[in-house]
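The values are calculated or read from the model by the stated rules, or taken from the named source; none is laboratory data. Everything numeric in this text was worked out from a predicted model, so none of it was measured. Please note: Cβ atoms are built from the backbone with ideal geometry, for glycine as well, and neighbour counts cover all protein chains shown. The area values use the complete protein model at the heavy-atom level, side chains included, leaving out ligands, DNA and RNA. Shrake-Rupley method; radii C 1.70, N 1.55, O 1.52, S 1.80 Å.
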Amino acid sequence: MEQLKFTEYFQNFLNLAIVAYEKMKASGVLILLEGPIDWGRLKKLTGETHVVIAATQREFLEGADENNFLSVHINLSDDSPVYDRMTHAVLEAVAADLLSAGSRIVALYSGFDITSLDSISIINLNEHLERLSSKDLRKLETKVPLKTLKTVVDLALEIGRDGREGKAVGTLFVLGDTKNVLRTSKPAGFDPVRGYKCKERNLFDPRVREGIKEVAQLDGAFVISLDGTVVAACRLLDTSTAMITLSKGLGSRHWAAAAVSRTTNAVAIAVSQSSGTVRIFLNGDVVLRIESRHRRPMIWREFEYEQLTFE
């Protein structure tokens, strides 16, 4: 693939990102690459700016370390929406201590033309990841493999964003500690995944994920093992909500998610039917909230924009 060209337009855009970084006292500039780049030239233009480079293909990141750039690999396909790739990049950067969870960053990415970095967003992590630190992410990974967690979160985001057949859908995934989760729950009725072989219930198979989207319209929670296998569906959680405190407006699904994550070693992922918001619960608390409803590929609706005025 051809290297990203350092056109006058691109250099002006990069300079604008650096000015925003300095004026707003941001913790870093996050650049989402769509192809290879001349690292030496980029280093000359960015100077001492704290820059984190992210890309879906590892070859695009080759040479970053040698030129003192911090980098993260995004384990998503090239055609994934910008929102999804940027979200993963932020999570990976926070997990690796490359960005602070309570900080503000300037994101530079290809919003319209993949041959050029043409879009800038100001992301206030303190509003959306204020309770999430690298320690929290590592704590999540000790309970749930990060690969499995990401697969379930991606599925939850798709359900929250798209619904099913034009209708909003809310659902609940309980990941890990399956024996205790099954012991503290009961069938809501017919279990649509019962009787299938394990490989026919594994979420790493795209066909299985599509089937789960259909089942998500039914009542009850999905119980998922650490390897991504759907152990049971349509389960009613029977756990105490004592000592649980949640924000106003969250319904029974979120209370159940908080309770099961507190009384077991599972991680719960709830999708709000009203807003499409995805919340991850650990030990009874919300550790991450991701907005997914009404997303557009090129617009960061879940992060606030700020009007910049430079003197």
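Below are the figures for this structure:
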read-out: Efficiency of FRET from Cβ geometry, N75 and K199, R₀ 25 Å, rounded to 0.05; value: 0.70
read-out: Carbon plus sulfur fraction of accessible area for the stretch 12-86, probe 1.4 Å, in percent; value: 44
read-out: 3J(HN,Hα) from dihedral phi, the stretch 232-239, Karplus parametrisation 6.51/-1.76/1.60, rounded to Hz, x for glycine, proline; value: 7, 10, 6, 9, 8, 7, 10, 10
read-out: Sorted peptide list for 181-189, 68-76, 252-260, criterion being average Cβ within 10 angstrom, highest first; value: 252-260, 68-76, 181-189
read-out: D38 long-range amide H proximity, modeled H, under 5 Å; value: L4
read-out: Gained length - D38 relative to L182, 0.36 nm times residue gap less alpha-carbon distance; value: 46.5 nm
read-out: Cross-link table K43/K150; K143/K199; K143/K197; K186/K213; K143/K213; K143/K186, entries beyond 28 Å C-alpha to C-alpha; value: K43/K150
